[in-house]
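Below is one structure; the comments refer to it alone.
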Amino acid sequence: MNLMHRRLCSSAGWADKVARLLSEDLEGLDLGDDVLEIGPGYGATTAVLVDRVPRLTAAEVDEASASRLAAAYEGRATIVHGDGTALPFDDSRFSAVVCFTMLHHVPSPELQEALFAEAYRVVRPGGLFHGVDSQPSLRFRVLHIGDTMVVVDPGTLPARLTAVGFDDDPEVRVAHGRLRFTARKS
Ligand SMILES: C[S@@+](CC[C@H](N)C(=O)[O-])C[C@H]1O[C@@H](n2cnc3c(N)ncnc32)[C@H](O)[C@@H]1O
């Protein structure tokens, strides 16, 4: 992430916004007892999840962020330095896999699809893959100058999720500049 982005994601304002939006987003969604978060970054989303699920693990590709979070959440969550496109977990381990505002940081559609395939592999039958990601706006584009920005197309996302094995007709919605999806593994 570029400097402007790092400042935003580590700010109190972002943490407050995430706390509000994520609580609304997760309303009515049963994530089960053992949840994996991919891409926790500075932990704004982790802070919400850790109080909502019995067991939380997070995989963060940036080593410094992973170390910082591991220290902050010691005893409350397991934070690993790991890549969502090659997860260091057993098949069917988790009741749900979630990712928030991170897919556009995965540098190509192919790598995003590798991440979808890994989410499918590590989630149990009956489990969910749920995420939220940003859609383009002027502010979003400015924030990503010199940074990775591979926006997820809501029109093609259902087919990309079912191609890796998720059930037909995953829920995909766009509202207020945010893409929200939920896919299930039978
Ligand atoms: C914009 S931050 C969002 C962090 C947090 N989810 C939030 O909403 O505040 C995106 C994070 O995803 C991480 N990330 C990007 N690609 C990843 C990958 N392949 N596996 C795990 N983490 C990844 C980045 O290092 C960064 O920390």
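Can you work out the FRET efficiency for the pair residue 171 and residue 80, with r the C-beta to C-beta distance and R0 = 35 Å, to the nearest 0.05?
0.80
Using only DSSP helix segments of four residues or longer, with each worth -39500 (n - 2.57), what per-residue ellipticity at 222 nm results for the chain after dividing by its residue count and rounding to 500?
Taking each H run of at least 4 residues, the total per residue is -10000 deg cm²/dmol.
Show me 175-181, 44-50, 76-82, 110-116 ranked by packing, highest mean number of other Cβ atoms within 10 Å first.
Top to bottom by mean Cβ count within 10 Å: 44-50, 110-116, 76-82, 175-181.
Less than 10 Å Cβ to Cβ from residue 60, Lys/Arg counted +1 and Asp/Glu -1: what total charge do the surrounding residues give?
Spelling it out: positives minus negatives among the neighbours equals -3.
Pull out a ≥ b ≥ c, the square roots of the eigenvalues of the alpha-carbon gyration tensor of the chain, then state rounded if a/c is under 1.5, prolate if not and a/b is larger than b/c, and oblate in the remaining case.
It is rounded, given that a/c, with a ≥ b ≥ c, falls under 1.5.
Based on the alpha-carbon gyration tensor of region 60-118 and its eigenvalue square roots a ≥ b ≥ c, which shape applies: rounded if a/c is under 1.5, prolate if not and a/b is larger than b/c, or oblate?
oblate
Explain nothing, just the number: dipole magnitude of the chain about its Cα centre with +1 on each Lys and Arg Cβ and -1 on each Asp and Glu Cβ, in debye rounded to the nearest 20.
The calculation lands at about 520 debye.
Identify which of 57, 156, 85 has the largest mean-square fluctuation in a Gaussian network model of the chain, with springs joining Cα atoms closer than 10 Å.
Comparing 57, 156, 85 in a Gaussian network model of the chain, the most mobile one is 156.
So how far, in whole Å, is the C-alpha centre of region 95-170 from the one of region 43-64?
What the calculation gives is 17 Å, centre to centre.
Using a 10 angstrom cutoff on alpha carbons, build the Gaussian network for the chain and name the most mobile of 170, 158, 54.
Fluctuation is largest for 54.
Say we join alpha carbon atoms closer than 10 Å with springs in a Gaussian network model of the chain; which of 165, 43, 84 then has the biggest fluctuation?
For the chain, modelled as a Gaussian network with Cα springs under 10 Å, the answer is 165.
All of the numbers you see were taken from the coordinates with simple rules; none came from a lab. Here the structure is a predicted model, which means the values were calculated and not measured. Cβ: placed from backbone, ideal geometry, glycine included. Neighbour counts: every protein chain shown.
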